[in-house]
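The values are calculated or read from the model by the stated rules, or taken from the named source; none is laboratory data. Please read these numbers as outputs of a predicted model, since none were measured by experiment. Backbone-built Cβ (ideal geometry, glycine too); neighbour counts: all protein chains shown.
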Amino acid sequence: METLAIKKFINIYSYVLNELNNKLDKLDENELMNLAENNIEIIINFRSNIKSKRNKKEKNYSVDNYGEILDQIKNIKSREEASIFLNNLFTKKIELERFARFLDLPISKEDKASKLVEKIIEATIGYILRSKAIQGTNN
């Protein structure tokens, strides 16, 4: 009886040979002649087509979505509301980083999610809220 490891190896081996066969079928006559004369080198690259579970859970927003999100943030009246909004919308640090990059904010790997939220708020509504506080208006 074959073990699971042997079955996996056979499946992988079969897949690689099938892919090689498909690529060889696409070669023209001149390329086949060069291959037969050892003038062409065959290089095999392995790439994963499977994204990690972590990446599957990330939300992928487009630039259009970011524009809408920015408009929503600009209508928020307090830092606390903006923080709640951003934390509910972007549940992963990578999502906050992407939005911060969209806003052309300087970010570093050491920035925690809470720091990114602060930077985004400051860049979007923070200066407006500060100006209103200095002027003594709440509108």
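Numbers below:
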item: Tabulated pairs, region 108-137, first at pLDDT below 90, second polar (S, T, N, Q) and exposed (fewer than 10 other Cβ atoms within 10 Å of the Cβ), C-beta under 8 angstrom, 6+ apart or interchain; result: K132/N138; K132/N139
item: Candidate set from region 73-92 (those that are surrounded by 14 or more Cβ atoms within 10 Å (Cβ to Cβ) and free of Cβ contacts under 8 Å to residues at least 24 places away in the same chain); member that is farthest from Y127 (Cα to Cα); result: L89
item: Test set (1) surrounded by 10 or more Cβ atoms within 10 Å (Cβ to Cβ); (2) modelled with pLDDT of 85 or more; (3) hydrophobic (A, V, I, L, M, F, W, C) - A36 fails condition number; result: (1)
item: Residues that are surrounded by 14 or more Cβ atoms within 10 Å (Cβ to Cβ) and hydrophobic (A, V, I, L, M, F, W, C), drawn from region 62-72; result: I69, L70
